[in-house]
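Contents: one structure, followed by commentary.
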Amino acid sequence: MTLTESYARGATDVPIIEQPIGAFFDDMVERQPEREALVSRHEGQRFTYRELQTASNRLASALLNLGLVPGDRVGIWSHNNVPWVLLQIATAKVGLILVNINPAYRTSELEYALNKVGAKALVTMAQFKTSDYLGMLRELGPKRLPLLQHTVWIDKAGDAEQPGMQRFSALLASGDPQDARIAQIGATLKATDPINLQFTSGTTGFPKGATLTHRNILNNGFFIGECMKLTPEDRLCIPVPLYHCFGMVLGNLAVITHGATIVYPNDGFDPLTVLETVQAERCTGLHGVPTMFIAELDHPRFKEFDLSTLRTGIMAGSPCPTEVMKRVVDQMHLGEITIAYGMTETSPVSCQSSTDTPQDKRVSTVGTVQPHLEIKIVDPETGATVARGQSGEFLTRGYSVMHGYWQDEEKTREAIDAEGWMHTGDLAVMDAEGYVNIVGRIKDLVIRGGENIYPREIEEFLYRHPKVQDVQVVGLPDKRYGEELCAWIIVKPGQTATEDEVRDFCKGQIAHYKVPRYIQFVTEFPMTVTGKIQKFKIRDEMKARLGLEEAKTA
């Protein structure tokens, strides 16, 4: 490969970590047992590294007491809290595979996810805002979740008992932090063992379980933290959800691998508690998707808070508008904020800007290749590497590429080729200095407020509506969320339907962010001569009709 081709290889001077997560964490504890490891503001809890080790060992012991064995799957269906991070460490220590369930999932999605991976245990929130998690689990019941043996709910003092379910506090109390089985199992674990399952929306309508190993996510967290120049003195505010790689890897693991402090401002995102937390905890780092930073900057009380301790963080999830980046640097003191790009299947980050990347590159690119990884941009038709400056599909290879999709060899082979390259489906351009710009998507993926949505999944769901004959879903530009969903629906002959009917059909069945904001009833779709539907024409017509403009980025 020559420098004129769109290929780059990351630095290799810092070696790959070949330990499992539990062993690496225990080594960090021994180096600095009394340093603060975790602060959960909304729960009023604080842990040193030693205390976090003791609590996660106690939970690991309790999970083994349930009869779980290495390789069993344990689900977590919750927003950010102490039980989430305890479960993340505890499962890794005893070889259980943690299954991240999106808190926005509703009954049909939860049923599919738990049964797909054969989860034997689930730790869940009781409720959040209007969502009744325990109610949804009761609605499904043992008949629809035949493999689920243990349901554990995250309780608070004074909560009434829940029949057929165990309190998290009781489960934790049942464990022994000195349990000899933890070290015995730990000694048998390999860095290449699967340890985490994350669902990605499927183009065929069903989410796929990206299977990640200790080696995948521990190293990605470490090298992400290196890009941010994290040290044990740093305190990272994490308002992004832990069920995504963003919170779990770019947040928790980036912090733990550098002996720094995790700070959760709240269970769900709230701009005011983020601002209060940064000031009160003297945070040096802050993560978020662009919409979160906008909500913080535009909060009416923004000027009341002292954010002068901030230095770094990560903005990811969707393109960063130039003006937002300028404000984040100038008004939030985030002079060393970085941009990261990746996908769940690559643990997730392939490219990242560094703390000293020039601002123009920081807003117009997603940085350069991460250490120990290779990237290239190829012609989607021929597979040939394109010249620098030319657009093509972004591919990546290295330690970060997932183990595979859970029990789906066919889909795995479609995504990862025989030479180990992960085909992302994203269109990208690499410049002469190796900076990468993501310019579009080969698939019609929609990114709404940092959530990846595949229109096909929504279409498959809407096809179930008794009045729907055909449906096409596209993304439309939106100033707040980056993109919003639009559904064009052809109703069955002799039928009529309303927007409210369609939305009511979605409620409680699919996540709120997957419910189309715009619904149009039409008699036909724009098509090619060969009968292929032209989604771009639907998009263009709706943009013109609604007066929408693409979000401007540098």
| task | Let me know the volume per residue of the alpha-carbon convex hull for the stretch 316-421, in Å³. | result | 122 Å³
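Going by a ≥ b ≥ c, the root eigenvalues of the Cα gyration tensor, does the stretch 422-554 fall in the rounded group (a/c under 1.5), the prolate group (a/b larger than b/c) or the oblate group?
Prolate, because a/c is 1.5 or more and a/b exceeds b/c.
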| remark: Ordering 300-308, 222-230 by per-residue average of other C-beta atoms within 10 angstrom, highest first, gives 222-230, 300-308
| field | Spin-label model distance (nm) - Ile533 vs Arg31, 7 Å beyond Cα toward Cβ | value | 5.3 nm
| query | Per residue, how many Å² of accessible area does the stretch 97-160 show with a 1.4 Å probe? | reply | 42 Å²
| task | Let me know the whole percent of all Cα-Cα pairs from the stretch 1-106 that are separated by more than 20 Å. | result | 54 percent
| field | For Leu98, distant residues with modelled amide H under 5 Å away | value | Val74, Asn196, Leu197
| What's the carbon and sulfur percent of the chain's accessible surface, probe 1.4 angstrom, rounded to a whole number? | 51 percent
| task | Kindly provide the Kirkwood hydrodynamic radius of the stretch 158-218 in Å, to one decimal, from all pairs of distinct alpha carbon atoms. | result | 15.4 Å
| request: Counting only C-alpha contacts under 8 Å and six or more residues apart, can you give the relative contact order of the chain as a whole percent? | output: 14 percent
| At what distance in angstrom do the alpha carbon centres of the stretch 52-124 and the stretch 1-51 lie from each other? | 21 Å
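Which order do Ser318, Ser353 take by accessible area at a 1.4 Å probe, largest first? Before the final figure, lay out the partial values.
Working: Ser318 35, Ser353 0 Å².
Sorted by accessible area, descending: Ser318, Ser353.
Where both partners of a DSSP beta bridge lie in the stretch 136-284, what percent of those bridges are antiparallel, to the nearest 5?
55 percent
When only C-alpha pairs under 8 Å and at least 6 residues apart count, what is the relative contact order of the stretch 416-519, in percent?
Over the stretch 416-519, the number comes to 20 percent.
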| query | According to the square roots a ≥ b ≥ c of the eigenvalues of the Cα gyration tensor, what is the shape class of the chain, taking rounded for a/c under 1.5, prolate for a/b larger than b/c otherwise, and oblate for the remainder? | reply | rounded
| query | For the chain, what is the percent of antiparallel DSSP beta bridges, rounded to the nearest 5? | reply | 60 percent
| field | ³J(HN,Hα), Karplus 6.51/-1.76/1.60, whole Hz, each residue of the stretch 479-494, x for Gly, Pro | value | 5, 7, 9, x, 8, 10, 7, 10, 10, 9, 10, 9, 8, 5, x, x
| message | Rolling a 1.4 Å sphere over the protein heavy atoms, what is the accessible area per residue of the stretch 291-360, to the nearest Å²? | response | 37 Å²
| said: Nearest 500 deg cm²/dmol is fine: what mean residue ellipticity at 222 nm does the chain get from its DSSP H runs of n ≥ 4 alone, each adding -39,500 (n - 2.57), divided by its residue count? | reply: -8500 deg cm²/dmol
| Highest-first arrangement of 24-31, 47-54, 495-502, 97-104, where packing means the average Cβ count within 10 Å | 97-104, 47-54, 24-31, 495-502
| field | Cα gyration tensor of the stretch 255-331 - equivalent ellipsoid semi-axes, whole Å, descending | value | 19, 16, 12
| task | Report, by chain and number, residues whose modeled amide H sits under 5 Å from the one on Asp478, excluding near sequence neighbours (fewer than 5 apart, same chain). | result | Glu483, Glu484, Ala551
| task | Mind running the shape call on the stretch 432-486? Use the C-alpha gyration tensor, a ≥ b ≥ c as the square roots of the eigenvalues: rounded below 1.5 for a/c, prolate if a/b tops b/c, oblate otherwise. | result | prolate
| So for the stretch 44-173, what are the equivalent ellipsoid semi-axes in whole Å, largest first, each being the square root of 5 times an eigenvalue of the Cα gyration tensor? | 22, 18, 13
| query | Ranked from highest to lowest mean number of other Cβ atoms within 10 Å per residue, what is the order of the peptides 236-243, 374-381? | reply | 236-243, 374-381
| message | Could you tell me the relative contact order of the stretch 99-247? Use alpha-carbon pairs under 8 Å, at least six residues apart, and round to a whole percent. | response | 21 percent
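At 1.4 Å probe size, with every protein chain present, just tell me what the per residue accessible area of the stretch 427-554 comes to in Å².
That works out to 52 Å² per residue.
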| request: Starting from the Cα-Cα distance between Val439 and Lys467, subtract it from 0.36 nm times their residue separation and give me the gain in nm to one decimal. | output: 6.4 nm
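The values are calculated or read from the model by the stated rules, or taken from the named source; none is laboratory data. Just so we're clear, the structure is a prediction, and the values are computed from it rather than from any experiment. Backbone-built Cβ (ideal geometry, glycine too); neighbour counts: all protein chains shown. SASA here: full protein model, heavy atoms, side chains in, ligands and nucleic acids out. Shrake-Rupley method; radii C 1.70, N 1.55, O 1.52, S 1.80 Å.
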